[in-house]
Amino acid sequence: MAQAAAVAKPPAPPRRRRASATPRRLPYLLIAPAALLMLGFIAYPVISVFYYSLQNYNPTKPWRNGYAGLDNFVHAFTDDPQFWGTLTFSAKWVIVEVGLQLLFGLALALIVNQTFVGRSLGRALVFSPWAVSGVLTSAIWVLLYNSQTGVTRYLADMGIGQYGTSWLSDTSTVFPAAIVADLWRGVPFFAILILADLQSVSKDLYEAAEVDGASRLKQFWHITLPHLKDAIVLSTLLRAVWEFNNVDLLYTLTGGGPAGETTTLPLYIANTSVDAHNFGYASALTTVAFVILLFCSMVYLRLSKFGGEK
Amino acid sequence: MITTEATKVAPAPERVPAAPDQRPRRGRRAWDEAPRWQIYLPLGIYLVFTLIPFYWILLFALRPAGSTSLVPWPVTFDHFEKVWTERAFGTYFQNSVLVGVATLFLTTVVALAGGYALARFDFKVKRAFMLALLCTQFVPGALLLVPLFEIFANLQMINSLASVVIAETVFQLPLSIILISGFIKNVPYTLEEAAWVDGCNRLTGFRIVVLPLLRPGLIAVGSFAFVHAWNHFLFALMFLSDQGKQTIPVGLNTLMSADSVDLGALAAGGIIAAVPVVLVFAFIQKWLITGFSAGAVKG
């Protein structure tokens, strides 16, 4: 990201022509606003996070502030059980959530890629939750999970679940409940990505396979899946990073509870900084999260062949 | 939402002119023809899962408080009135519109400039700039809350909507630039050159020739910036402490975390939050797909 710094300083060759018509300077002028914004509000904050991570920094306890060395990191890894809890929950959340989104998204894309009566309407309806935001998703599922009047009460009538407690306040049900709420919105997103790629598969391949007598399962296995492989790998990885980072849904749906049961690492960071004002420690936790994300982005860049020379 | 011609039924062979549009007969299915029940059964189940939450929020928003009926009848708009006036959703709505529209314009203009540079020029730091754009996709705004808060505090911008606009724009920019540069690449360079020959300078040439052709792409990018700023929650929660400055998602969160959750108000607030997004998608639908397929091909 630091490379963007160079962007703001054009080599500025001395030329007589008007600046707006000088192609050598023009591209630098054009990217300058974007580069400056990203430099000031992404690159600089990232660097200051690293700086704060080595400090004791708590506005409510100014007498303790100062250089802390690696204390924050040592504390996180050695005697903060909550840190390990949020780390394992993050992993569990991302793996289950993205895995299920991929599975259902692929199935949904394959179904709505077929020709059938009412396909346009069907697609529009099943994709509609995709446009719903994180907080609004939470609001909707808070209504559904309400112990008195929610859908869960009617499910209890049918013998699924029990009366009187909300699925969101019971440690044994909160995880699947949150997963289902997020799937509602996430599956359509995945399905749209996969569907876009499905439509680029050449029909000739299927016709040839048909002539050779391949079953539909075989066609799926040997034609569809290999074709989708790249798109699936990349969108899964992007989605995993997104699900890891996103705090809107869990923050508003469960608030990380009950009893810290659904706190992801970014949510823990938000709580540590905003509620507890422990900025130094929160920055150290952020650094750990960055390292995890850096690893993911390197895998992504490798897979997307961005670094490859042509 | 997506409708393309790509998978329409293959036309029947010419020697059966009597039924040109009929589906192929059983036993000779086209490749994409699964048995009907394999389509309708899972789709139907999924449709129920998709639509019940929508129905539920409508039900709670429209039926009187205390009613347990599963049909919203008689319909009442009391909840909407209450949320709009007592819960200050009128103010939140206004703030959200301001933030959304400002983010839309700022993102589009800055991304247009950057995207043009990437599409039309070869310059020294181009590769580094593109790598930086890609890398920002992995930098989550939520993790930068502390330093961002400090920056805005130093700039005396805490509690002003401008701070939220800047934060939303910055995190929206990278993807917007990549998309817009893809759209510009699709406009033949020769068109622009022809305009210069006719006496336009670069700016007028761009305005007259390129800009009109970019409309679908710009609408797609702009509407995404708007929807994103409209929906996003954390920046507004953190940077705006004054209740009169808050936005819709923060208002919704307040309704959810209240001690005794007023479900009717929550449902009505949720519907108010959804309306602009639904309108935007309805309005841009026809441009959205062309915009994204054009941008994605060469992006």
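Counting partner chain Cβ atoms within 10 Å of every residue's Cβ in B:62-69, what's the average?
Mean number of neighbouring Cβ atoms from other chains: 1.
Between the chain alone and the structure with every protein chain in place, find the residues of the range A:192-211 that drop at least 30 Å² of accessible area; heavy atoms, 1.4 Å probe.
So the qualifying set is A:Gln199, A:Lys203, A:Tyr206, A:Glu210.
How high is the FRET efficiency from A:Ala124 to B:Val101, r the C-beta distance, R0 25 Å, rounded to 0.05?
0.40
Send over the Kirkwood Rh of the range A:149-252, from the inverse of the averaged 1/r over different Cα pairs, rounded to one decimal Å.
Computed over the range A:149-252, the radius equals 17.3 Å.
How many times 2.2 N^0.38 Å is the alpha carbon radius of gyration of the range A:234-310?
1.33
Can you tell me the dipole magnitude for the range B:74-172 around its Cα centre, using point charges on the Cβ only (Lys, Arg +1; Asp, Glu -1), in Debye to the nearest 20?
Taking the Cα centre of the range B:74-172 as origin, the dipole is about 540 debye.
What would the Debye formula give as log10 I(q)/I(0) at q = 0.15, 0.19, 0.27 Å⁻¹ for the alpha-carbon point model of the range B:195-250, no solvent?
Log-scaled intensity ratios, in q order: -0.61, -0.71, -0.98.
For B:Met130, A:Met298, A:Met158, B:Met256, give the ranking by accessible area with the largest first, probe 1.4 Å.
From most accessible down to least: A:Met158, A:Met298, B:Met130, B:Met256.
Give me the distance in nm between label points sitting 7 Å out from Cα along the Cα-to-Cβ direction at B:Val275 and B:Phe54, one decimal.
If labels sit at B:Val275 and B:Phe54, their model points lie 1.8 nm apart.
Along the three principal axes, how long is the protein assembly as shown when you take its alpha carbons, biggest first, rounded to the nearest angstrom?
Its Cα atoms span 86, 75, 49 Å along the three principal axes.
Quick one: compute a quarter of the convex hull surface over the Cα atoms of chain A and quote it in nm².
Directional mean of the projected Cα hull area for chain A stands at 25.6 nm².
Which semi-axis lengths, in whole Å and largest first, follow from the square roots of five times the eigenvalues of the Cα gyration tensor of the range B:148-299?
Ellipsoid half-lengths, sorted descending, are 39, 20, 11 Å.
Please compute P(r) over all alpha-carbon pairs of the range A:80-181, binned at 5 Å starting from zero, and give each bin as a whole-number percent.
Calculated over all Cα pairs of the range A:80-181, the distribution is 2, 10, 14, 17, 17, 18, 13, 6, 2, 1, 0, 0 percent.
Among the listed pairs A:Lys203/A:Lys229; A:Lys92/B:Lys245; A:Lys229/B:Lys126; A:Lys218/B:Lys185; B:Lys126/B:Lys286; A:Lys203/B:Lys286, which have their C-alpha atoms separated by more than 28 angstrom in this model?
A:Lys92/B:Lys245; A:Lys229/B:Lys126; A:Lys218/B:Lys185; B:Lys126/B:Lys286, as the Cα separations exceed 28 Å there.
The range B:104-172: D in µm²/s via Stokes-Einstein (Kirkwood Rh, Cα pairs, 4 °C, 1.567 mPa s)?
Roughly 94 µm²/s, to the nearest whole number.
Can you pull the three principal axis extents for the Cα set of the range A:115-166, in Å, largest first?
Over the range A:115-166, Cα extents along the principal axes are 44, 27, 12 Å.
If you build the convex hull over the alpha carbons only and average its shadow over all orientations, what do you get for the range B:85-209? Give it in nm² to one decimal.
That works out to 10.9 nm².
So if I place +1 on the C-beta of Lys and Arg and -1 on the C-beta of Asp and Glu, and nothing else carries charge, what would the dipole magnitude of the range B:136-259 be about its Cα centre? I want it in debye, nearest 20.
240 debye
Just tell me how shielded A:244-255 is by partners: mean number of partner chain Cβ atoms within 10 Å of each residue's Cβ, no decimals.
For this peptide, the per-residue mean of nearby foreign Cβ atoms is 4.
Given points 7 Å out from each Cα along the Cα-Cβ axis, report the B:Gln243 to B:Thr76 separation in nanometres with one decimal.
Label at B:Gln243, label at B:Thr76, 2.4 nm between them.
The values are calculated or read from the model by the stated rules, or taken from the named source; none is laboratory data. Note that the structure is a prediction, hence the values are computed from the model and not measured. Cβ: placed from backbone, ideal geometry, glycine included. Neighbour counts: every protein chain shown. Accessible surface is based on the protein model in full, side chains and every heavy atom, while ligands, DNA and RNA are left aside. Shrake-Rupley method; radii C 1.70, N 1.55, O 1.52, S 1.80 Å.
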